[in-house]
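Engineer: Input: one structure, supplied below.
The values are calculated or read from the model by the stated rules, or taken from the named source; none is laboratory data. For clarity, every value in this text was computed on a predicted model and none was experimentally measured. Note that each Cβ is placed from the backbone with ideal geometry, even for glycine, and that neighbours are counted across all protein chains shown.
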Amino acid sequence: MKSDFASEKEIILETTGDGSPTLYVPEWDEHYHSMNGAVAESLHVYIKAGLNQYIRSLENTGKELQVLELGFGAGLNALLTAIEAERQKVKIRYTALEKYPLSQTITDQLYYLLEHKDLFRRIHQSAWEIPVSITPYFTLQKSTIDFVDYDFPAGYDVVYYDAFAPDKQPEVWSPEIFAGLFSAMNPGGILTTYCAKGSVRRMMLQAGFFVERIPGAPGKREMLRACVSGNTDYRKEKKEQKQQIMYAPLV
Ligand SMILES: C[S@@+](CC[C@H](N)C(=O)[O-])C[C@H]1O[C@@H](n2cnc3c(N)ncnc32)[C@H](O)[C@@H]1O
């Protein structure tokens with residue numbers, strides 16, 4: 001990837017199947033989101049299968065959640081998480097890692113959920129490298145960090161693994177990164193990704209996660225959800241899971 005990756009010339013705005021925009025990187029022939037629907041994909045993979053699944057397990061403890069995003073990109077996952085935090089009255093501290101922040105010229109052209117236009121603008125205009133209170137329920141820290149070789153600090157409850165696809169950027173899908181995330185996540189923590197590749201699933205299993213293949217976002221058959229089991233008898237839990245329905249429903 002070239003160092004001027006995020007310059008305007010190399011990134012093209014496109015519209016996806018649900019009418020929401022995404023960005024296309026011609027040099028890599030890669031999109032930031034699914035062309036079947038950017039909002040639909042983020043809602044399905046990160047909000048419903050990840051964040052909400054975790055919130056359901058909390059039983060109203062009032063705890064502040066620590067969410068980590070790998071690949072802040074267009075800020076869509078951050079926006080949907082901020083909306084969800086307000087809707088459910090759950091406090092969220094959101095850390096977003098991004099090696100190639102987009103220029104304001106590009107982010108100004110993005111339009112997601114117009115009724116939340118101001119929230120989206122605040123997410124993009126907030127300072128980098130420091131925690132910023134965006135709403136009473138949502139604190140954001142955007143960091144210009146390369147997550148390859150990053151030493152993840154402990155304490156995450158939910159992780160959004162939203163890197164470019166493994167065939168385009170294999171170095172960001174490594175056993176070391178999954179091992180680092182597994183060590184950094186709290187018991188019961190949940191990691192989700194749109195990716196359903198067998199090699200990625202094996203890296204997750206090797207790191208120690210309990211892994212499910214669940215139905216993917218529109219147009220994609222499957223996605224992966226990896227959990228840090230609170231149950232130390234991991235083998236027993238895995239055996240039990242095999243006897244259950246392979247495809248957990250999404251609500
Ligand atoms: C699929 S896009 C993320 C979309 C984003 N989550 C959203 O909600 O709009 C992948 C992102 O990962 C970033 N990225 C790629 N390699 C990275 C690395 N080594 N460290 C941090 N970010 C990286 C890219 O610049 C890009 O913004």
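Engineer: Does T105 satisfy the criteria of being β-branched (V, I, T) and either under 16 Å from L68 (Cβ atoms) or surrounded by 15 or more Cβ atoms within 10 Å (Cβ to Cβ) (or both)? If you could, list the steps in order and put the result at the bottom.
Structural biologist: Numbers: β-branched (V, I, T): yes; either under 16 Å from L68 (Cβ atoms) or surrounded by 15 or more Cβ atoms within 10 Å (Cβ to Cβ) (or both): no.
No; evaluated as a whole, the condition is false for this residue.
Engineer: Going through the stretch 6-52 one residue at a time, which ones are more than 11 Å from the ligand (Cβ to nearest atom), in a loop (DSSP other than H, G, I, E, B) and among the hydrophobic types (A, V, I, L, M, F, W, C)?
Structural biologist: Correct list: M35 only.
Engineer: Still on this structure, I have one more. Residues of the stretch 145-171 being among the aliphatic types (A, V, I, L, M), within 11 Å of the ligand (Cβ to nearest atom) and either loosely packed, with under 13 Cβ neighbours inside 10 Å or in contact (Cβ under 8 Å) with a residue 40 or more places away in the chain (or both), which ones? Quick ask: steps written out before the conclusion?
Structural biologist: The initial filter retains those residues of the stretch 145-171 that are among the aliphatic types (A, V, I, L, M), namely 145, 148, 154, 158-159, 163, 165.
With within 11 Å of the ligand (Cβ to nearest atom) added as a condition, the list becomes 145, 148, 163, 165.
Across the stretch 145-171, the qualifying residues are I145, A163, A165.
Engineer: While we're on this one: Quick one: how many residues across the stretch 172-187 are crowded, with 17+ Cβ neighbours inside 10 Å and farther than 27 Å from L58 by Cβ?
Structural biologist: Residues meeting the conditions: 2.
Engineer: For the structure I just gave you, tell me whether D149 is among the charged types (D, E, K, R) and at pLDDT 95 or above. Before the answer, list the steps.
Structural biologist: Numbers: among the charged types (D, E, K, R): yes; at pLDDT 95 or above: no.
Spelling it out, it is not the case that D149 is among the charged types (D, E, K, R) and at pLDDT 95 or above.
Engineer: May I pose another question? Do you know which of the residues in the stretch 1-16 that are modelled with pLDDT of 90 or more and over 23 Å from P166 (Cβ atoms) is surrounded by the fewest Cβ atoms within 10 Å (Cβ to Cβ)?
Structural biologist: Here is the first cut: in the stretch 1-16, the residues modelled with pLDDT of 90 or more are 11-16.
Subsequent filtering for residues that are over 23 Å from P166 (Cβ atoms) retains 13, 15.
Numbers: L13: 14, T15: 11.
Applying the filter and picking the extreme gives T15.
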